[in-house]
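To keep things clear, I will list the structure first and then write my remarks on it.
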Amino acid sequence: MIENPESDRLLGEVVRAHLLAGGMDDATALPIAREIASVFGKVKNIKDDHPAQTEQLAFISPDERQAALAVADQALKGKKIDVKVASLLRGTDTAADIALFGRMLADNPSYNRDAAAQVAHAITTHKVTVEDDFYTAVDDLKTPAEDAGAGFLGEAAFGSGVFYLYLCIDLVLLIRNLEGDKALAATTLTALAQAAATTAPRGKQNSFAAHGRAGYVLAERGGQQPRTLAGAFACPVTGNDLMEASIQALISFRTAIDKTYGPAADARVEMQLGGEKTLADVLAFVGEGVPCPTT
């Protein structure tokens, strides 16, 4: 099971609510919640609307959240609490998101987490024509005498294309971030690969329904230095079948890179729409790349 972290400024509010639910009055609960939250970031001024929140966003793992609530439980029992950084923060844990993408705690840099994943911005493999969508919102309850025009006028630019997306994972670092849990590392990798092939950004989905799937996936593994294949599209592809032209340009560029610099991977698998390999094959390949605990 993958545990995901909280990514907000609300841990102090969570602790405060926990104390209040346990029967503590707010005058006592608020200073305790602020003290615990201060470990994760600078707490807002006591006179602010949300005095238990932190000024900065912070990635907080499930282990750290439970540790914070455990300190709150000690306070509920009437014990004097000692809020120590080392007792609340973790250098490693089972939060897959933090293990992959890292985190920064400005006040406690020794508990920063280096990201095991590098994800490049997606680029189109060809030239794109940007089009404009002019839209209106009509208020049907208005009478012509009141206002015959639209209630709102707007314009949105959009385009479509074949995108190249590249990401690479430092497997050794990922396993270290996950406290050496190789089974969880394998689950994390397969979940990331599946998301990369099937998930689109949520912005403007109600307007564009951009639920595309990958037309081609190349997965590689090995101990070599990572290399992107974005150079395949330094010269935009053309033609009637942009997907096929993009695939062929990528394969040709990969072959040239391997010929010049030597093999960039020990093993690889390719999936293409209509081909023999499926996404399940890719996910199995990705998961198999994590060495078993006995090795």
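The values are calculated or read from the model by the stated rules, or taken from the named source; none is laboratory data. Small disclaimer: the values here were computed from a predicted structure and weren't measured. Quick reminder, even Gly has a Cβ in these numbers, built from the backbone with ideal geometry, and neighbours come from all protein chains shown. For the accessible areas, the whole protein counts, side chains as well, though only heavy atoms, and no ligand, DNA or RNA atoms are used. Shrake-Rupley method; radii C 1.70, N 1.55, O 1.52, S 1.80 Å.
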**Item:** Gain on full stretching of the segment that runs from A17 to Q66 - 0.36 nm per residue minus C-alpha separation
**Value:** 16.2 nm
**Prompt:** Which order do H121, H50, H126, H18 take by accessible area at a 1.4 Å probe, largest first?
**Reply:** H121, H50, H18, H126
**Item:** Two-site FRET efficiency, T136 against M243, from Cβ-Cβ distance with R₀ of 41 Å, rounded to 0.05
**Value:** 0.75
**Request:** Find the Cα radius of gyration of segment 52-115, compare it with 2.2 N^0.38 Å by division, and give the number to two decimals.
**Result:** 1.20
**Message:** About the Cα centre, and with charges only on the beta carbon of Lys, Arg (+1) and Asp, Glu (-1), how big is the dipole of the chain? Nearest 20 debye, please.
**Reply:** 960
**Complete:** Taking only the alpha-carbon positions of the chain as identical scatterers, the Debye log10 I(q)/I(0) at q = 0.09, 0.15 Å⁻¹ comes out as -0.67, -1.12
**Item:** Sum of side-chain charges, G149 neighbourhood, beta-carbon under 15 Å (Lys, Arg +1; Asp, Glu -1)
**Value:** -3
**Request:** State the percentage of accessible surface on segment 38-128 attributable to carbon and sulfur atoms; use a 1.4 Å probe and exclude ligands, DNA and RNA.
**Result:** 50
**Request:** Summarise the long-distance tail of P(r) for segment 18-128 by giving the % of C-alpha pairs beyond 17 Å.
**Result:** 61
**Item:** Restricting segment 74-178 to trypsin sites (Lys or Arg not before Pro) in coil, as DSSP defines it, with at most 14 other Cβ within 10 Å
**Value:** K77, K79, K80, K84, K127, K142
**Fill in**
Taking only the alpha-carbon atoms of segment 130-204, the convex hull volume per residue, in cubic angstrom, is 160
**Prompt:** What is the extension gain from L153 to F101, computed as 0.36 nm multiplied by their sequence separation minus the C-alpha to C-alpha distance, in nm to one decimal?
**Reply:** 14.8 nm
**Asked** So which of K42/K204; K80/K182; K44/K204; K127/K204 end up more than 29 Å apart by C-alpha?
**Response** K42/K204; K80/K182; K44/K204
**Asked** Residues in segment 225-268 near a label at H121, defined as backbone nitrogen under 19 Å from the 7 Å Cα→Cβ point?
**Response** 228-237
**Complete:** Simple SL model, points at 7 angstrom along Cα→Cβ for E146 and E35; separation in nm is 5.8
**Fill in**
Ignoring ligands and nucleic acids, K204 exposes an accessible area, probe 1.4 Å, in Å² to the nearest 10, of 120
**Message:** Which aspartates and glutamates, if any, have their Cα less than 18 Å from the Cα of K277, not counting same-chain residues under 8 positions apart?
**Reply:** E220, E244, E288
**Request:** Express in nm, to one decimal, how much length is gained between S87 and D258 on full extension, taking 0.36 nm for each residue of separation and deducting their alpha carbon distance.
**Result:** 56.7 nm
**Mean shadow area of segment 163-279 over all directions, Cα convex hull, nm²** = 9.5
**Centroid-to-centroid separation of segment 57-71 and segment 129-181 [C-alpha atoms, Å]** = 33
**Prompt:** Which whole-number value in Å² is the accessible area per residue of the chain, probe 1.4 Å?
**Reply:** 60
